[in-house]
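The values are calculated or read from the model by the stated rules, or taken from the named source; none is laboratory data. Just so we're clear, the structure is a prediction, and the values are computed from it rather than from any experiment. As a convention, Cβ positions derive from the backbone with ideal geometry for all residues, glycine included, and neighbour counts pool all protein chains shown. Just so you know, the surface numbers come from the protein's heavy atoms only, side chains and all, with ligands and any DNA or RNA stripped out. Shrake-Rupley method; radii C 1.70, N 1.55, O 1.52, S 1.80 Å.
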Amino acid sequence: RRTLGSEHEHVASSLLNLGQSYRQQGMFEEALARLEEGLGIMRRIHPERHSREGMFLVSIGSVLRDQGKKEEALAMYNQGIRIYRRTVGPQSPEMGRALVNTSIVMRDHGNHQEAIERLEQALAIFRGVLGDEHNEVAGTLFNMALAKGRSGDNEGATVCVREAHR
């Protein structure tokens, strides 16, 4: 901050990394404080919107998910999805990851069919953009297996796990 000033994109990026690190350590209040500060910087620097704003929103959503705040997490994820749709397009890996995060909240709160629908969207994006062999495809298939298993579709879950391990 001393060198770049407090309103610099690198400062915002450092706050994103710090917030994600705090989240991984379970330090949720610290994570939210850093992520919200970085989000504010990004919005001031790029009032026309920037894909990095989506990253902050999705990261805030993940902290809220970890805290069990389903509705707030979904709101953040949906804001991130809107930003990604406008900045990097609907067929981007960022969009796919935001859909996966949204599906996890839905799955963990018993909305299995909605979770599966989001995962199908994410899977189509990842396959189209990254190819069938990418780890994002395997991870999405694994999440789909969990959602299908929890919904009682054990056969569908098995198919997803097998496909993920090809």
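When region 129-159 is filtered for residues that are more than 17 Å from E114 (Cβ to Cβ) and open to solvent by less than 50 Å² (accessible area, probe 1.4 Å), the ones remaining, listed by number, are G131, E136, V137, A138, G139, L141.
Checking the structure you have, find out if any residue of region 7-14 is at negative phi, open to solvent by 50 Å² or more (accessible area, probe 1.4 Å) and of a type in the set (D, E, K, R). Yes, there is a match, as at least one residue in region 7-14 is at negative phi, open to solvent by 50 Å² or more (accessible area, probe 1.4 Å) and of a type in the set (D, E, K, R). Residue-level check: of (1) open to solvent by less than 70 Å² (accessible area, probe 1.4 Å); (2) not in a loop (DSSP other than H, G, I, E, B), G26 misses just (2).
State whether one or more residues within region 145-155 are modelled with pLDDT of 95 or more and under 30 Å from A33 (Cα atoms). No - not one qualifying residue is present in region 145-155. In region 108-123, what residues are open to solvent by less than 60 Å² (accessible area, probe 1.4 Å) and part of a helix (DSSP H, G or I)? Across region 108-123, the qualifying residues are H112, A115, I116, R118, L119, A122, L123.
Table: residues versus (1) closer than 24 Å to L18 by Cβ; (2) of a type outside the set (S, T, Y); (3) within 9 Å of the chain's Cα centre (by Cα).
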position	(1), (2), (3)
R52	yes, yes, no
S59	yes, no, yes
R65	yes, yes, no
K70	no, yes, no
P93	yes, yes, no
V105	yes, yes, no
D108	no, yes, no
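Taking region 34-74 as the range and being assigned to a helix (DSSP H, G or I), open to solvent by 40 Å² or more (accessible area, probe 1.4 Å) and touching a residue at least 12 places away in the same chain (Cβ under 8 Å) as the test, the residues that pass are R34, E36, E37, R44, I45, R52, M55, R65, D66, K70. When S6 is tested against (1) under 25 Å from S92 (Cα atoms); (2) not in a helix (DSSP H, G or I), just one condition goes unmet, and that condition is (1).
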